[in-house]
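K.L.:
The structure that follows is given in the form of structure tokens.
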RNA sequence: GCUGGUGUGGCGCAGUGGUAGCGCAAUUGAUUCGUAAUCAAUAGGCCGAGGGUCCGAAUCCCUCCACCAGCUCCA
């Protein structure tokens with residue numbers, strides 16, 4: 001089925017939903033009901049709160065409407081008559097009033113139900129055979145949190161029942177990938193009410209993965225000439241007033257605390273600390289670029305409703321760095337960052353992402369540092385570099401940081417909305433605010449440009465993404481337990497212990513399961529724990545030194561010698577992107 | 001923050017006004033075993049917290065907390 005035909009079908013499904021709502025809840029006011037990527041929604045303003053049970057009733061009513069096979073007819077009205085027709089629908093009236101003078105005002109009618117709508121639609125309600133209402137949520141009118149919150153019903157529709165079932169099954173499977181579920185099952189991290197919400201704690205296995213990520217990226221950065229620093233998790237309010245963050249984000253920072261004569265906040269980001277480090281010494285053009293990196297702990301007072309496991313918490317750890325460069329060095333330095341991003345993605349097997357050039361909204365003087373010339377310079381410079389690097393990207397207005405435009409690399413997790421994994425930002429603004437300088441060739445003091453960048457983004461979020469991509473079955477080089485040694489009987493325990501010791505000596509993260517359980521039972525358990533390799537040690541092998549390697553990923557490798565296995569596993573743990 | 005939903009042993013669930021249950025996990029015995037479940041016994045819960053209604057509350061009402069879905073936000 002053509003994509004736009006599917007969109008039409010879904011749009012008609014949303015009208016059928018609205019008709020059902022009007023039949024069951026006659027006082028309900030209609031807002032809008034478009035087709036979206038995987039289905040459709042319709043926003044309603046109703047006195048009655050809709051619940052999951054309401055959805056079941058609405059679905060039944062929708063089935064009736066489909067069965068009635070109503071003809072869907074389009075007609076056009078002049079503005080006055082259109083307003084008269086929609087006089088009991090305040091949201092529709094507002095929409096009509098917002099239409100341009102010369103706009104054609106069209107309606108679609110099916111049975112007793114008429115909706116203001118540009119169309120198109122299917123010809124008869126019977127065309128909408130396979131549909132399902134998914135959930136009911138709140139949504140602000142016009143997407144503005146100052147407006148009234150309406151009730152949004154999400155649903156989906158497909159050409160056939162089979163496709164619908166497939167989609168519903170896909171949704172179920174996506175839930176199994178949820179990093180919060182897997183994180184708990186595999187003992188990677190936890191949260192605790194007494195510690196505080198949005199404050200995840202990494203457990204030994206989760207921290208093992210974390211440590212590998214941290215070492216991986218820091219080692220790469222050192223190779224590229226980064227210098228790492230360690231700075232405190234607090235800063236004075238003055239520091240953030242200087243940077244401008246206070247004005248823009250004070251509501252999203254943990255409240256200020258008074259200590260002696262000074263007022264401090266938990267830091268929400270690290271740019272100002274790094275700026276002050278740069279400013280602490282004079283710099284010559286000969287020494288640039290200077291690349292200051294930090295695996296930095298940050299705290300943000302995120303709205304309670306946006307917290308989501310380790311994907312978005314109130315404490316997180318950024319793989320942050322600030323590159324202080326001359327204007328001439330922007331391109332090279334930016335290219336190096338882009339290379340680093342994609343090299344990293346390759347190592348982690350990340351292939352499904354998209355690049356966004358995030359620009360300011362020139363009309364929004366509140367949100368963005370007010371300096372047109374600076375923005376033009378920065379945005380053009382960034383666009384030029386991205387074009388020169390032949391990056392495939394889309395431009396998005398109003399997505400820039402307050403101090404400059406950025407390249408964002410976005411991914412879509414198994415569950416929920418797209419988010420940014422990596423970012424690289426061009427900043428002509430903060431260096432001025434902090435009066436940063438370097439002495440140029442001609443002995444004139446000039447202002448450097450700063451590139452803010454995060455490759456793994458936040459380590460927390462990066463791990464969340466890896467968990468959902470791998471369903472917790474990490475590639476061997478990341479797995480918290482790489483090899484599980486499983487002796488079959490007590491008689492094989494000793495031999496198992498010697499193998500365990502030998503593996504550990506070679507740097508393999510191995511454990512032994514010496515419980516007196518059936519081997520099938522043990523295997524099942526460690527499979528659920530997503531352990532990449534299991535070594536089954538039996539009676540026979542105690543005699544002849546052979547073992548049986550059972551690999552979660554690769555299937556049964558059959559009988560092999562210990563030496564062969566050790567060679568393979570050592571090779572495997574040094575290989576990335578599996 | 002907003003709208004709606006959910007909260008019962010470690011995990012997954014049942015229980016809608018009358019003595020808190022089931023499966024898995026755990027512990028202790030026995031079993032010494034070849035790829036999704038060996039047998040038996042034992043232990044574990046003020047039913048998210050606080051207040052209220054009632055002779056009696058996991059169940060009804062109120063407040064709060066946490067979690068889930070989405071909206072708004074994301075330096």
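K.L.:
How large are Rg and Dmax for region A:3-176 when calculated on the C-alpha trace, in angstrom?
P.N.:
Computed over the Cα atoms of region A:3-176, radius of gyration and Dmax are 15.9, 53 Å.
K.L.:
Taking the Cα of residue A:129, stepping 7 Å toward and past its beta carbon, and measuring to each backbone N in region A:1-35: which are under 20 Å?
P.N.:
Only A:1-17 fall inside the zone, counting backbone N under 20 Å.
K.L.:
Further question: Give the Debye-formula value of log10 I(q)/I(0) at each listed q (0.18, 0.20, 0.30 Å⁻¹), with one equal scatterer per alpha carbon of region A:418-482, two decimals each.
P.N.:
-0.76, -0.84, -1.17
K.L.:
Under 1.5 on a/c is rounded, so check that first for region A:1-94, then, if it is not, pick prolate when a/b is larger than b/c and oblate when it is not; a ≥ b ≥ c are the square roots of the alpha carbon gyration tensor eigenvalues.
P.N.:
Taking the square roots of the gyration eigenvalues as a ≥ b ≥ c, region A:1-94 is oblate.
K.L.:
Mind sorting A:154, A:419 by how few other Cβ atoms lie within 10 Å of their own Cβ, fewest first?
P.N.:
Placing the least packed residue first, the sequence is A:419, A:154.
K.L.:
Taking only C-alpha pairs under 8 Å that are 6+ residues apart, what is the relative contact order of region A:3-176 in percent?
P.N.:
Value for region A:3-176: 27 percent.
K.L.:
I would also like to ask the following. What's the extension gain from residue A:163 to residue A:195 if we count 0.36 nm per residue and subtract their Cα-Cα distance?
P.N.:
7.0 nm
K.L.:
Could I ask something else about it? Can you give me the relative contact order of chain A as a percent, contacts being Cα pairs under 8 Å and 6 or more apart?
P.N.:
10 percent
K.L.:
Given the Cα-Cα distance of residue A:181 and residue A:140 and 0.36 nm per residue of separation, how much length would full extension add, in nm?
P.N.:
Length gained, residue A:181 through residue A:140: 11.8 nm.
K.L.:
Restricting things to alpha carbons, tell me how big region A:182-470 is in terms of Rg and Dmax, in Å.
P.N.:
18.9, 62
K.L.:
Separate question: For region A:380-463, what does the convex hull of the Cα positions come to per residue, in cubic angstrom?
P.N.:
Output value, Cα hull per residue: 140 Å³.
K.L.:
Okay, moving on. Would you calculate the separation in nanometres between label points at residue A:347 and residue A:332, each defined as 7 Å from the Cα along the Cα-to-beta-carbon direction?
P.N.:
Reported label-point gap for residue A:347 and residue A:332 is 2.3 nm.
K.L.:
Further question: Could you tell me the relative contact order of region A:372-439? Use alpha-carbon pairs under 8 Å, at least six residues apart, and round to a whole percent.
P.N.:
Relative contact order here is 30 percent.
K.L.:
To the nearest 0.05, what FRET efficiency results for residue A:241 and residue A:371 with a Förster distance of 22 Å applied to their C-beta separation?
P.N.:
For residue A:241 and residue A:371, the calculated efficiency is 0.75.
K.L.:
Would you order A:320, A:144 from fewest to most other beta-carbon atoms within 10 Å of each residue's own beta-carbon?
P.N.:
Result, fewest neighbours first: A:144, A:320.
K.L.:
Starting from 0.36 nm per residue, how many nanometres of slack lie between residue A:214 and residue A:76 once their C-alpha separation is accounted for?
P.N.:
My answer for the length gained is 43.5 nm.
K.L.:
Viscosity 0.692 mPa s, temperature 37 °C: what is the translational diffusion coefficient of region A:276-404 from Stokes-Einstein with a Kirkwood Rh over Cα pairs, rounded to a whole number of µm²/s?
P.N.:
188 µm²/s
K.L.:
If a/c stays under 1.5 just call it rounded; otherwise compare a/b with b/c (prolate if a/b is bigger, oblate if not). Do that for region A:255-335, with a ≥ b ≥ c from the square roots of the Cα gyration tensor eigenvalues.
P.N.:
Cα axes put region A:255-335 in the oblate bin.
K.L.:
Right, another one. At 7 Å along the Cα-to-beta-carbon direction for both residue A:69 and residue A:207, put a label point, then send me their distance in nm to one decimal.
P.N.:
Output for this residue pair reads 6.8 nm.
K.L.:
Using only the alpha-carbon atoms of region A:460-526 as identical scatterers, what base-10 log of I(q)/I(0) does the Debye formula give at q = 0.13, 0.18, 0.22, 0.24 Å⁻¹?
P.N.:
Treating every Cα as an identical point scatterer, log10 I(q)/I(0) equals -0.46, -0.75, -0.93, -1.00.
K.L.:
Moving to a separate point now. Quick one: A:465, A:403, A:285, A:278, fewest Cβ neighbours within 10 Å first, how do they rank?
P.N.:
So the residues, fewest neighbours to most, are A:285, A:278, A:465, A:403.
K.L.:
So what is the calculated 222 nm ellipticity per residue for chain A, using -39500 (n - 2.57) for each DSSP H run with n of 4 or more, over all residues, to the nearest 500 deg cm²/dmol?
P.N.:
-11500 deg cm²/dmol
K.L.:
When the scattering of chain A is computed by the Debye formula from its Cα atoms alone, each counted once and equally, what is log10 I(q)/I(0) at q = 0.05, 0.06, 0.07 Å⁻¹?
P.N.:
Here log10 of I(q) over I(0) equals -0.31, -0.45, -0.60.
K.L.:
Using only alpha carbons, build the gyration tensor for region A:367-517 and give me the equivalent ellipsoid semi-axes, biggest first, whole Å.
P.N.:
52, 20, 12
Values in this text are rule-based calculations from the coordinates and carry no lab data. Just so it is clear, the model here is predicted, and its values are computed rather than measured. Quick reminder, even Gly has a Cβ in these numbers, built from the backbone with ideal geometry, and neighbours come from all protein chains shown.
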